[in-house]
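The values are calculated or read from the model by the stated rules, or taken from the named source; none is laboratory data. Predicted model, so just to flag it, every value in this text is computed and none were measured. Cβ sites come from the backbone with ideal geometry, for glycine too, and all protein chains shown count toward neighbours.
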Amino acid sequence: MSNARTEPAVVRWSLIGIALAYLVLFIFMPLFIVFSTALEKGIAYYFHSLTDVDTIAAIKLTLITALIAVPLNLVFGVAASWVIAKFDFRGKSLLLTLIDVPLSVSPVISGLIFVLLFGLQGLFGPWLRAHDIKIIFTPIAIVIATIFVTFPMVARELIPVMKAQGSEEEEAAITLGASGWKTFWYVTLPNIKWGLLYGIILCNARAMGEFGAVSVVSGHIRGLTNTLPLQIEILYNDYDFTAAFAAASLLAFLALFTLVIKTLVEYRYRAELEAVGKKTH
Amino acid sequence: MILLKQKTNLPGFHLSLGYTMLYLSLVVLIPLSMLFVKTSTMSFAEFWSVVTAPRTLAAYRLSFGAAFIASFINVFFGFLIAWVLSRYRFPGKKLVDALIDFPFALPTAVAGIALTTLYASNGILGSVLAKIGIQSAYNALGVVLALMFIGLPFIVRTIEPVLQELDPELEEAASSLGAGRWEIFRRIIFPAILPSIVTGFSLAFARTIGEYGSVVFIAGNMPGKTEIAPLLIITKLEEFDYSGATAIALVMLLVSFLLLALTNWAQWWTSKKVGMN
Amino acid sequence: MKNLLKLSLVFLLALQPGAWAKQITLLNVSYDPTRELYEDYNKAFSTYWKQKTGDDVTIQQSHGGSGKQARAVIDGLDADVVTLGLAYDIDSIAEKSGLLPSNWQKLLPNNSTPYTSTIVFLVRKGNPKNIKDWDDLTKPGISVITPNPKTSGGARWNYLAAWGYALKKFNGDESKVKDFVGAIYKNVPVLDSGARGSTTTFVERGIGDVLISWENEAYLAVNQLGPDKFEIVIPSLSILAEPPVAVVERDADRHGTRQVAEEYLKYLYSDEGQEIIARNYYRPRNPDIAKEYASQFKSVNLFTIDTLGGWQAAQKKHFADGGTFDQIYTVK
């Protein structure tokens, strides 16, 4: 680095120091607390609390919810980014704004709207009850609320990636006679695979960790309609703080794992782009 | 309806647009419209009295105020962190870079109980602060601290790429013309990154005004004093006041929309400016 | 020959006592502090039911603030029984959803309350702030922990207990009573949404000098969380808290579990049920069992909700929008 672009070492290192201190305080300490409290009563208790019946049920529900919500939002993400990145049409920016809406809606509101829709006093409530279809306060409502909350995540990652790719390759393929699906599968997909992966893991992390929205639509039925974040709250309220943080540590691991994958993806993506000689977005 | 503005030979326009609109409507638009539907059952006078009740206003003040302060403080530190990450080399930099996103990936409830444990008066950080007479949990300060945790990645990740893309030649040219580092910063770097700072701020702000899981454990939940707006909505629900709850939610939603529009506009403005360079 | 063998095998299997056992599930939507009680009780009831009928019954539990749980049931939470913190919440369910009859309280003995409790104070060991009675809670500098009356059943009992004491002290002078109760709430730094949240705040977070709490919660806290950390102070006058139970008839009918649900609640009045209740620090209705466990409970001077006009009146007067709680708690 030339001298024109750097500050004196003193300034540099004090800035680094301040930045790191802030990060330790705000990011590292909470992480530390989760693990230290989880292990307060020893490793044996840690594993014992993770194998509690209700906690395992919560883990299962969390996994199932993510397994449903993420693929659905993935398909949507691909469809939306295809139409937004490859075409120019009226109302495109409005569509973009609408897609981003769930991100800025408070989680409590995200749950509330489904109570208004499916609750017994809500729009479809009486009809559902008459046909004995249960949605609200069941895992179904949890899945729906999770889909809403993680709705934009894949799309947001894919759109800039697809935009950066441009359409020349696809247009060329079409001109050469390939069908739409073949073009997508063999031309588009390989180019966006890192953005796709990134979107999936972000969506998954949020889907597994959602609390507010799920709390409103869950019935908090132990062992049945509690996801892992809700189970953490229950354990906390049952005075079992160690177990609550033990369960929390699972989600913290998931968060760390997400970060690792994300870093790997960025690394590979950047390497790939450099290899092909394209500009990063 | 011919919506397309340009001719293209790419297929799937109608299919993908149709599916996108359908999914969007089913998952997002129709459920959100319930807020309007439910609120419309109130007269405007009722709506107004709920939304401007002292308790509601106090909740808005807390949620919006704390979000604003937290995002504002994060602008400084977030910028600093982005600067340090994109400009300097130091041991552990890659690890630090990866950890920035931790608040984003961590579930809000986990963040909530961890932050409360940390900042309560018998917590590691809380006890230190208590010694100098500062209470950091169950008050507005606790809320601000929690939101600072939540909002940090938004700001860092918005400023960082812009910093990285800055053309070094501009700085080198200015330096060769005799400008000192501070002046270079003030006149060249800062204006270039200002749009991203605004964008980052409004993203963090939008995200944190509605924050619930990470805040509800550390706020005091005292009506009129330390009750965040989302909690007020839930409380109204549990008092069987559905219309009250939706009225308050509607106002928050409209504010979120506004912020969203602002962010998108800021991003559009940013890309125009970059394009001009 | 082979077919006959198969048939007899099937026949023999069918004769096994477990073969025709039904799998029944009940959902018990309960309020906050009863987690431990129903954990014990549900085990006992399943054993009893299996012995009596051969059927397997599993009881699922949901816990939360009493008002919040009532709201959930009204919104469609499919409960077979509700075991909530106060009669008003079950009245709300009857009134707003018609899922159970409006005379539900008469369907079981003792106003459908198989167990009672009262409101006491939990203080730090040694009682450093010398808290003796309700008056001490109004003193400046004393930090009081109690939940939000708008969402928590326990909080409403707390509020009314204080109100009742003040009524007696000031001979019915309402403006003095309001000031008194208002002074207590001015000393509250954190208003959790449920009784459990408040106990956590007091016990685990170390906030507050005194916790106004259900008696059973206080005992639980002392015994489970620190006999050397807390002690219980009984005020001179408190309220008889009657947390009722009821079958959510329309839901139970739909599930076909009406009979089991009714037996589930009736068994709470049985000797075994009452013993479990007493062991979990709730005051049993059965006088014999109560005598047996008398040493566990301290004697308290009690008044009932009827002194305050019953729940319908009390709810409207105190906890509805614009009621006394809103008045004393007005935001400046």
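Some notes on this structure:
- Restricted to segment A:69-94, and to residues there that are more than 7 Å from chain B (Cβ to nearest Cβ) and closer than 10 Å to A:ILE159 by Cβ, the residue that is surrounded by the fewest Cβ atoms within 10 Å (Cβ to Cβ) is A:ALA85.
- Qualifying positions in segment A:189-227 - more than 10 Å from every other protein chain (Cβ to nearest Cβ) and among the aromatic types (Phe, Trp, Tyr): A:TRP194, A:TYR198
- Filter result for B:LEU29 (more than 21 Å from B:ALA206 (Cβ to Cβ) and within 10 Å of chain A (Cβ to nearest Cβ)): no
- Helices (runs of 4 or more DSSP H) contained in segment C:96-196 and holding at least 3 residues at pLDDT below 95 and buried (at least 16 other Cβ atoms within 10 Å of the Cβ): C:134-137, C:153-169, C:174-186
- Test for B:ALA229: is it in contact (Cβ under 8 Å) with a residue 40 or more places away in the chain, surrounded by fewer than 24 Cβ atoms within 10 Å (Cβ to Cβ) and under 29 Å from C:ILE328 (Cβ atoms): no
- Counting only helices (runs of 4 or more DSSP H) that fall entirely inside segment A:95-182 and contain at least 1 residues that are at the interface with chain B (Cβ under 7 Å from one of its Cβ atoms) and among the hydrophobic types (A, V, I, L, M, F, W, C), the qualifying elements are A:107-118, A:139-149, A:168-175.
- The sole residue among A:ASN191, A:ASN204 that is in the same structural domain as A:GLU157 (by TED's automatic domain parsing), modelled with pLDDT under 85 and part of a helix (DSSP H, G or I) is A:ASN191.
- Of the residues B:ALA206, B:ALA179, B:ALA174, the single one that is part of a helix (DSSP H, G or I), at pLDDT below 85 and more than 28 Å from B:LEU262 (Cβ to Cβ) is B:ALA174.
- C:ILE93 assigned to a strand (DSSP E or B), under 26 Å from C:SER193 (Cβ atoms) and out of contact with any Lys or Arg (no Cβ under 8 Å at 6 or more places or on another chain): no
- Yes/no for B:THR158 being buried (at least 24 other Cβ atoms within 10 Å of the Cβ), in contact with a helix residue (DSSP H, G or I) (Cβ under 9 Å, 6 or more places away or on another chain), of a type in the set (Ser, Thr, Tyr) and closer than 23 Å to A:PHE257 by Cα: yes
- Tabulated pairs, segment C:45-57, first touching a residue at least 12 places away in the same chain (Cβ under 8 Å) and farther than 17 Å from C:ASN28 by Cα, second among the aromatic types (Phe, Trp, Tyr) and surrounded by 13 or more Cβ atoms within 10 Å (Cβ to Cβ), C-beta under 9 angstrom, 6+ apart or interchain: C:TYR48/C:TYR267; C:ASP55/C:TRP49
- Single match in B:ALA105, B:ALA109, B:ALA114, B:ALA179 (criterion: in contact (Cβ under 8 Å) with a residue 12 or more places away in the chain and out of contact with any Cys (no Cβ under 8 Å at 6 or more places or on another chain)): B:ALA109
- Filtered residue count, segment C:69-86, keeping only those that are surrounded by fewer than 24 Cβ atoms within 10 Å (Cβ to Cβ) and either assigned by TED's automatic domain parsing to the domain that holds C:ARG156 or in a helix (DSSP H, G or I) (or both): 1
- B:GLY112 vs. criteria within 16 Å of A:THR37 (Cα to Cα) and modelled with pLDDT of 85 or more: yes
Yes/no matrix, rows are residues, columns are (1) among the small types (Gly, Ala, Ser); (2) free of Cβ contacts under 8 Å to residues at least 24 places away in the same chain; (3) in a helix (DSSP H, G or I):
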residue: B:ILE188; (1), (2), (3): no, yes, yes
residue: B:GLY200; (1), (2), (3): yes, no, yes
residue: B:TYR212; (1), (2), (3): no, no, no
residue: B:GLY224; (1), (2), (3): yes, no, no
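- Unmet requirement for B:VAL216, which otherwise passes all of (1) within 10 Å of chain A (Cβ to nearest Cβ); (2) part of a helix (DSSP H, G or I); (3) at pLDDT below 85: (2)
- Any hit, segment A:111-125, residues being of a type in the set (Gly, Ala, Ser), free of Cβ contacts under 8 Å to residues at least 40 places away in the same chain and touching a helix residue (DSSP H, G or I) at 6+ places or on another chain (Cβ under 6 Å): yes
- Whether a residue is in contact with a Phe, Trp or Tyr (Cβ under 9 Å, 6 or more places away or on another chain), farther than 30 Å from A:PHE184 by Cα and surrounded by fewer than 20 Cβ atoms within 10 Å (Cβ to Cβ) was assessed, and B:PHE36 does not pass this test.
- Among residues of segment C:200-216 that are in a helix (DSSP H, G or I), those with a Cβ under 6 angstrom from a residue that is of a type in the set (A, V, I, L, M), sequence gap 6+ or separate chain, pair up as C:THR201/C:ILE145; C:THR201/C:VAL190; C:THR201/C:ILE207; C:PHE202/C:ILE145; C:PHE202/C:LEU211; C:VAL203/C:ALA221; C:VAL203/C:LEU225; C:GLU215/C:VAL120.
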